[in-house]
Amino acid sequence: MLSIKNLHANVEDQNILKGLNLEVGPGEVHAIMGPNGAGKSTLGYVLSGRDGYEATAGNIDFSGTNLLDLEVEERAQAGLFLAFQYPVEIPGVSNMEFMKESVNVIRKARGEEPLSAAEFLKKAKAAAKQVNLPLDFLKRGVNEGFSGGEKKRNEIMQMILLEPKLCILDESDSGLDVDALQVVANGVNSQRDGKRSFIIITHYQRLLDYIKPDFVHILADGKVAKSGGPELAKEVEKTGYAWLEKAGEKAE
Amino acid sequence: MSEQIDQAIARKYEAGFISDIESDTLPPGLSEDVIRHISAMKEEPEWMLEWRLRAFELWKKMPEPDWAHIGYDLIDYQSISYYSAPKSMKDKPQSLAEVDPELLRTYEKLGIPLHEQEMLAGVAVDAVFDSVSVVTTFRAKLEEAGVIFCPISEAIKKYPELVKKYLGTVVPRADNFFAALNSAVFTDGSFVYIPKGVRSPMELSTYFRINELNTGQFERTLIIAEEGSYVSYLEGCTAPQRDENQLHAAVVELVALDDAEIKYSTVQNWYPGDENGKGGIYNFVTKRGICEKNAKISWTQVETGSAVTWKYPSCILKGDNSVGEFYSVALTRGMQQADTGTKMIHLGKNTKSTIISKGISAGRSSNAYRGLVRMGPNADGARNFTECDSLLIGDQCGAHTFPYIESSNPSAIVEHEATTSKVSDDQLFLCKQRGMDAEKAVSLIVNGFCKEVFKELPMEFAVEAGKLLEISLEGSVG
Amino acid sequence: MSQSWLAQAIARASAVNDWLQPQRKESLALLATQEWPGRRTEAWRYTSLHAFDKLALTSASGDVKQHDAPAVAGLNSLDIVLVDGELQTAIEALQLPNGVRVSSFSNADAQAQEVAHAVFAKVKPAKHLFGLLNDTLAQQGIIIDIAAGAEVQQPIRIVNYVTAGVESHNRILVRLGAGAKAAIIEHGANLSGSDAAAFNTAFAEYLIGDKAQLEHYRLALHGGKVIHIGGSHFQLHNEARLNSTLVGYGSQISRIDADIHHAGEHAFAKFNNIYLLAPSEHFDLHSSIEHAVPNGTTEQNARGIVGDKAVAVFNGRIHIHRYAQKTLAELNNRNLLLTRGARVNTKPELEIYADDVQCAHGATVAEINEEALYYLRSRGLSASQAKVMLSFGFIQELITQMPNHSLADWLLPILHERFVAMEAE
């Protein structure tokens, strides 16, 4: 489904990703871990096509199309979803209006009929309920005045509504208490259907207690330094990331 | 007690306004003849005289501006004398002992060395000061770098091509009433030329400009920074200056060619008038700079003096990527009135401007910020950020903000913010609880309020400016 | 010059003679001292009145066609319709809620005249040239008197239609007694289509008594070649509350002056302004918030979107008088230019003579937030879709703050349609 080969990417002329490789198959859950500054969030932004995050070499194949050729919205329409670490507030644009528009363009891209207002409302209410957001959040401006946890849950709600092929969660666990963490994890787990894939970017192992990954990758200095199964996350939990430096020294 | 002090100040300055008619001082009045006379006294070339006469023609047709938030008695331009030769030694105070003790007290507080005090107070010692070696060394260093720094009257004779090429190009003669008047009758000022790629080896200060004293009335300054050059220019000083003339109408023109940078700092502390607003300098100044590609002009001003200030140091950001900055502290007290601010005219692409204005009003004074930010239709990606803060001390003063924002480019971004506050009782209480008296506390808070501007001043100037505010605020706190 | 237009208007005004004569005379005397505004007149710096040089209009003929008020679902308002300043509604036949008296200049009884005398030219400052003109030329006007303590649920709407080729002047005078509550809508609209000129002045004055609450709307939806010059002026007494929303299109000239005068302490005013200018329209809003006494609060939010070759002018003044201590006043103006040909001139002003106050203003002219644009695009919206949503959201935020939801629901799609058409140009 997603195949990243030798990806190099720059942010403000600085080389952040330096030859990253990653293969994600349908239905798989991949966790990307690593120390601060390893390029974890950059990977999410490059995949989604944010301005200023420039892929300088390598390629990304997403279900047979070259992702790098697509605009931000075309990637979303192709089924790529990024749950932001810091979702922006958009006063004046209501959550509901925003999501309805978004759901329908993505449906259109998939060749489906747009949802009627009533159908959409039903789905939106169910999704809000699933992530424990009161219904009046649908009427409020996008993320406007939401707490950190509410913003994260709002991202998961959008993910549920948009039914993407590939979900990238950028530190969706940061700043959450245990209850909110569980809500986020349940939201994600409910979307695991054997076809939908996930990339879970996280600094801590904590989230992975709730969302069981199939693979864990440790990102360091813009590359995958080590890959393994869920046991790798446990190892990191115990030893931290200090070993990476040693490994790096050895390599040099 | 404070009344006595005020009386003392008033007396000192009253004396200053009486001028004896000497043989080479023109009688009051303005006419073509007077301008011819000025030009002749300065031994100017014909083109300069023509230039002045044209300005006079323009001036006669112009109305005096009345849009500023200031009020003052109409000036009778025919009652002013437009030329007086420097005072002879015998008319000056012969020593500091003859100078008003109150003035000396202020000098002392500011920590001004004795010989400088003498110069500032107009004591008959300039010949002595002239020979002070620091000045000689200073001139030698500049010459070595190829920097020209001289009185503009000298430049008109020695570098006519440069003067002709740039004079009046940034502030045209017809720009405004006071600029036209200045163009007709200016008597002196500075001329600075920084050659291509040269970084001026030192900060240029009017203080070191050796020309006649008492030329402050209609000063004319022209600074040209050639491609890739840099200069920092300091004007005025923190000490209260004696001046014989009530009306000041200076013009300053800055030309920053590609990649050049000019930093212009002013401390203005002319006599503000007595507690009823009598006397005091009327300061009507036109200052403007033009920036070519990648050039930068930065204006920093600390204005504490004058009865009336009318002053808008501006930048025309003509070249792409050019930068304009304006940092200002304006303090008014007593019956002072200030209407000051800036204009940032964005013409080029990706031009940037920053405006930080701090107004402090005390007593029965009036302090207004007036600014213009204009984004031209071709100023793609231009940006302005403006912050205007006013601090009121007492409930008899006024603080005003009049920003004009004109934009005709959809990709230009303008952000303007203004706030008003007072020195809060909580802040005062905290300072007092830590052992400060009210005056010290206010001075501390005011200095904090002005910090963003002070940090733009050359270091020694910044320290003096802080002290100046402290002294200016004495007696303002109940 | 159009000084001649003014002279001719003054001559016409001199012929008006009715029970408002004493007040009209005073305004006429003031008017005679006025100069026609030019570029150097600060209040008209960015709005040219050259259109008056060749203005050829008639007065209303007296047999204008009957028009219904625009239908707003769920509004259920008490409607009074004026066409070119001529009253179309039989006021005597209106079913008035308790505590409400509505009269016109032509049927005012002694009590209504007393209200008019208390309000006419008393709330509106004399500085407005066209306000003085309206004082002298408005032959028709609506007088609304809300009794002390009356809580009126039904909104009262005065519809001001203008038609092609006609000059008209109309007036609204409102007094809210102590503790009264009411909602009043000034609804201006254009019946003449987009190409024909008309000239209308419409001034409204509101005297809001102690603890009274006024919910107010001014919809200046003229557009086209109409010259619409008007004002809404409010005087707030002790603990009075005002919540006002002004929605304006531009037109050949659309100029509105709003004054909010805190005459009593602890009054509160919220004033939202929205302007949406289609290509080549001109809109000019001058507001002046006067805090004459201590302890008042004002919040003003003005937002505008400016289409191609359109010009928006905003001048928002906050004036804190000496001794008006403990005032809280904030003004925020934000503008969005859609194209290179669009222009905005904004001037927020603070004039402050009291030290213990909290006053601030801000103004921005900006593009759409890049981060928000990326966010919407990452959810599949195209760049242009996202831009429309964000730009419109910018004014939608203020529309949704309107306390009357029926009115907001009616306005949103109308404004949205106007906006989408602007974008498409």
Open item on the list: Using protein chains only and a probe of 1.4 angstrom, how many square angstrom of B:Lys432 are accessible, to the nearest 10?
Closed with: 100 Å²
Open item on the list: Out of all DSSP beta bridges in the protein assembly as shown, what portion is antiparallel? Express it as a percent rounded to 5.
Closed with: 15 percent
Task: Charge tally in the Cβ shell below 10 Å around C:Asn332, where Lys, Arg are +1 and Asp, Glu are -1, C:Asn332 excluded - done: -1
Task: Amide H within-cut-off set for C:Ser287, under 5 Å, with H built and near neighbours excluded - done: C:Ala258, C:Asn315, C:Gly316, C:Arg317
- [ ] Work out the charge dipole of segment C:281-425 with +1 on the Cβ of Lys and Arg and -1 on the Cβ of Asp and Glu about the Cα centre, then indicate which of C:Pro413, C:Tyr375, C:Leu350 is farthest towards its positive end.
- [x] C:Tyr375
Task: Mean Cβ neighbour count within 10 Å, used as a protection proxy, ranking C:302-312, B:196-206 highest first - done: C:302-312, B:196-206
Task: For chain C, built as a Gaussian network whose Cα springs stay under 10 Å, the top-fluctuating residue of C:Leu373, C:Leu411, C:Leu242 - done: C:Leu373
TODO: Enumerate the lysines that B:Lys158 could reach by cross-link, defined here as Cα to Cα under 22 Å, with residues fewer than 8 away along the same chain left out.
DONE: B:Lys42, B:Lys141, B:Lys196
TODO: Please work out how much length the chain gains when fully extended from C:Ala147 to C:Lys122, using 0.36 nm per residue of separation minus the C-alpha to C-alpha distance, in nm with one decimal.
DONE: 7.1 nm
- [ ] For segment A:1-136, give the percent of accessible area contributed by carbon and sulfur heavy atoms, probe 1.4 Å, rounded to a whole number.
- [x] 47 percent
Task: Inter-part distance where segment A:169-245 and segment C:110-185 are each reduced to a Cα centre, Å - done: 67 Å
- [ ] May I ask you to list, by number, the DSSP H helices of chain C whose Cα span along the axis is at least 20 Å and whose average Kyte-Doolittle hydropathy reaches 0.5 or more?
- [x] C:383-399
- [ ] Using the Karplus curve 6.51 cos²θ - 1.76 cosθ + 1.60 with θ = phi - 60°, work out ³J(HN,Hα) for each residue of segment C:236-241 in order, rounded to whole Hz, and write x for Gly and Pro.
- [x] 9, 9, 3, 6, 6, 10
Open item on the list: Below 18 Å, Cα to Cα, which aspartates and glutamates can C:Lys65 reach? Residues fewer than 8 away in the same chain don't count.
Closed with: C:Asp79, C:Asp84, C:Glu86, C:Glu167
Open item on the list: Under the rule of at least 5 residues apart or a separate chain, name every residue whose amide H is placed under 5 Å from the amide H of B:Ser306.
Closed with: B:Trp270, B:Tyr271, B:Ile281
TODO: Could you pull the accessible area for B:Tyr166 with a 1.4 Å probe, rounded to 10 Å²?
DONE: 20 Å²
- [ ] Apply the Karplus parameterisation 6.51 cos²θ - 1.76 cosθ + 1.60, with θ equal to phi minus 60°, to every residue of segment B:457-466 and state each ³J(HN,Hα) to the nearest whole Hz, in sequence, with x for glycine and proline.
- [x] 7, x, 3, 5, 5, 5, 5, 5, 4, x
TODO: Could you work out how far apart the two model spin labels at B:Val463 and B:Lys164 are, taking each label as a point 7 Å from the Cα in the direction of the beta carbon, and quote it in nm?
DONE: 4.7 nm
Task: Reach of C:Lys309 by Cα under 16 Å, taken over lysines that are not fewer than 8 positions away in the same chain - done: C:Lys225
Task: GNM result for chain C, Cα springs below 10 Å: residue of C:Gln235, C:Gln113, C:Gln401 fluctuating most strongly - done: C:Gln401
TODO: Can you tell me the FRET efficiency between A:Tyr241 and C:Ala43 if r is taken as the Cβ-Cβ distance and R0 is 51 Å, rounded to the nearest 0.05?
DONE: 0.20
Task: Pairwise burial B:C, computed as accessible area of each alone minus the pair, summed, 1.4 Å, Å² - done: 2900 Å²
Task: Neighbour net charge for A:Leu82 - beta-carbon separation under 10 angstrom, K R +1, D E -1 - done: +1
Task: Most to least accessible of A:Asp61, B:Asp339 (protein chains only, probe 1.4 Å) - done: A:Asp61, B:Asp339
Open item on the list: List the residues, sorted by chain then number, that are 5 or more residues from C:Lys270 or on another chain and whose placed amide H is less than 5 Å from its amide H.
Closed with: C:Leu242, C:Asn243, C:Ser244, C:Glu299
TODO: Rounded to the nearest 500, what is the 222 nm mean residue ellipticity of chain C from helices alone, with -39500 (n - 2.57) per DSSP H run of 4+ residues and division by all residues?
DONE: -6500 deg cm²/dmol
Task: Cα centroid separation - segment C:295-365 against segment C:1-45, whole Å - done: 29 Å
- [ ] Provide the per-residue ³J(HN,Hα) series for segment B:311-317, in order, calculated from phi with Karplus coefficients 6.51, -1.76, 1.60 and θ = phi - 60°, each as a whole number of Hz, with x at glycine and proline positions.
- [x] 7, 9, x, 10, 10, 9, 8
Open item on the list: Order A:39-48, B:415-424, A:205-214 from most to least packed using the mean count of other Cβ atoms within 10 Å.
Closed with: A:39-48, B:415-424, A:205-214
- [ ] Using a 10 Å cut-off on Cβ atoms, rank the peptides C:115-122, C:198-205, C:87-94 from the highest mean neighbour count down.
- [x] C:198-205, C:115-122, C:87-94
- [ ] For C:His222, C:His67, give the ranking by accessible area with the largest first, probe 1.4 Å.
- [x] C:His67, C:His222
- [ ] Using a 10 Å cut-off on Cβ to Cβ distances, tally the other chain neighbours for every residue of C:338-349 and report the average as a whole number.
- [x] 6
Task: Whole-number accessible area per residue in Å² for segment A:96-247, which is evaluated in the context of all protein chains at 1.4 Å - done: 46 Å²
- [ ] Please give the FRET efficiency for C:Asn17 paired with C:Arg101, using the beta carbon to beta carbon distance and R0 = 35 Å, rounded to the nearest 0.05.
- [x] 0.90
- [ ] Using the Cα centre as the reference, give the magnitude of the dipole from point charges on the C-beta atoms of chain A (Lys, Arg: +1; Asp, Glu: -1; all else neutral), rounded to the nearest 20 debye.
- [x] 680 debye
Open item on the list: Before we go on, tell me the buried accessible area for the C/A pair, both chains summed, 1.4 Å probe, in Å² to the nearest 100.
Closed with: 2200 Å²
- [ ] Any of B:Lys61/C:Lys54; B:Lys352/C:Lys347; B:Lys343/B:Lys440; B:Lys318/B:Lys451 with alpha carbons more than 23 Å apart? Name them for me.
- [x] B:Lys61/C:Lys54; B:Lys343/B:Lys440; B:Lys318/B:Lys451
- [ ] Beyond 23 Å between alpha-carbons counts as too far, so tell me which of A:Lys5/A:Lys226; A:Lys5/A:Lys234; A:Lys152/A:Lys212; B:Lys263/B:Lys311 fall in that bin.
- [x] A:Lys5/A:Lys234
TODO: Counting only heavy atoms of the protein chains, get the accessible area per residue of segment A:1-81 (1.4 Å probe) and round it to a whole Å² value.
DONE: 40 Å²
TODO: Shielding by partners for A:103-109, please: the mean number of other protein chain Cβ atoms within 10 Å of each residue's Cβ.
DONE: 2
TODO: Rank C:Gly230, C:Gly380, C:Gly177 by mean-square fluctuation in a GNM of chain C with C-alpha springs under 10 angstrom and give only the top-ranked residue.
DONE: C:Gly380
Task: Neighbour net charge for B:Leu167 - beta-carbon separation under 10 angstrom, K R +1, D E -1 - done: +3
Open item on the list: Using the Cα centre of the protein assembly as shown as origin and beta-carbon charges of +1 (Lys, Arg) and -1 (Asp, Glu), tell me which of A:Gly175, B:Leu26, B:Ala145 is placed farthest towards the positive end of the dipole.
Closed with: A:Gly175
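The values are calculated or read from the model by the stated rules, or taken from the named source; none is laboratory data. Owing to the predicted nature of the structure, the values given are computational and were not obtained by experimental measurement. We place every Cβ from the backbone using ideal geometry, glycine too, and count neighbours over all the protein chains shown. The protein model used for the area step is the full one, side chains on, heavy atoms only, and it has no ligands, DNA or RNA in it. Shrake-Rupley method; radii C 1.70, N 1.55, O 1.52, S 1.80 Å.
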